[in-house]
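Written out below as structure tokens is the structure these notes cover.
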Amino acid sequence: MMWRKFIPPDRADYIPFTLFALLFPTSIGIQFTLLLPKIFDGMTLSVSYAVVSYLSVAIYFCWFKLITTDSTTRGVMLPFVQKPEWKFCWICNQNSPPRSYHCQRCNICVLRFDHHCYFTGRCVGFTNYRYFISIIALLWILCLLLLTTNFDYVITECGGLNWRTLLVIFFPSIAWLFGLTKELPFLIVLVLLLSVVAFLFSTYLLLYHSAYLHSGLTTYERNRKLSKYRCKSKHTNVQSVFGTKLHWSVLIFVPYLPVKLKGDGTTFEVLNFTTTNTL
């Protein structure tokens, strides 16, 4: 069945995968039905609906593409004779290109392996890294927007900024159990708390991967201090992820546009600017 293709191959990813699949639309639904109508009205409300809707749909589109875009060596014509800079994967029983890595969770080699994403249950690599960058950038903007619009309203609903309000915000479940908040404020505060956590997490990932994106190295290479494929040109490094057709900022905010990446994930420039042999 088609839906089985979306299930993570490793059961250890089921929990984070399900959390993102369920909590994100639930939070947006509460935002639409309970928060935005109470904060805005008229044209401002319509604009808020449109902006939040676009960001939410774009995030889910990137999440879907991150899952369905294959960055593995599956379907890639690999040589029978091992070439310079290539390595043999004894698990896949094949010659693997430079910068590839065998993921134990996905049980296959991944082209230009960056890391394994638990929230998608898939590896981030050569062809889908652009969608990962778009997710964290769009999520950061969405959370910043929600926090900006929701914070004053939530504080007012909770009776001002005091210890009771802080308990309700940071420990909504405990506050609800002890009767410090009712069902409706509980849901509203829960959305605010999720927005805070998501904002902090996306900020960390955005700063973390921006440095890697500009250096031309992957997370895997940076963590292991492998600098062989470092490139001095930040522009070239960004183009290796987003292509050369459109500016990277356009592709981050409009992830629906197709791109043509340079190469096939088997050929890369090394530090001395010589190119590894292709097939």
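Tabulated data for the structure shown
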item	result
Within the range 223-278, considering residues that are out of contact with any Phe, Trp or Tyr (no Cβ under 6 Å at 6 or more places or on another chain) and at positive phi, the one modelled with the highest pLDDT	G243
Count - residues of the range 1-15 that are acidic (D, E) and at pLDDT below 80	0
Qualifying positions in the range 118-135 - on the phi < 0 side of the Ramachandran plot and touching a Pro at 6+ places or on another chain (Cβ under 9 Å)	Y118, F119, T120, R122, R130, Y131, S134, I135
Sole exception among (1) at positive phi; (2) not in a loop (DSSP other than H, G, I, E, B) for R99, by number	(2)
Residues that are closer than 24 Å to I135 by Cβ and surrounded by fewer than 18 Cβ atoms within 10 Å (Cβ to Cβ), drawn from the range 218-236	T219, R222, N223, K234, H235, T236
Residue identified as in a helix (DSSP H, G or I), of a type outside the set (G, A, S) and modelled with pLDDT of 90 or more among I135, I188, I155, I174	I135
Matching residues, the range 217-271, being outside any loop (DSSP other than H, G, I, E, B) and of a type in the set (A, V, I, L, M)	V238, V241, V250, L251, I252
Options T72, T18, T68; residue that is farther than 30 Å from S195 by Cα, of a type in the set (V, I, T), within 21 Å of the chain's Cα centre (by Cα) and modelled with pLDDT of 90 or more	T72
Per-region count, the range 86-124, residues surrounded by fewer than 16 Cβ atoms within 10 Å (Cβ to Cβ) and in contact (Cβ under 8 Å) with a residue 40 or more places away in the chain	1
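The values are calculated or read from the model by the stated rules, or taken from the named source; none is laboratory data. In this text the structure is predicted, and so the values were computed from the model without any measurement. Glycine also receives a Cβ, built like all others from the backbone with ideal geometry; neighbour counts cover every protein chain displayed.
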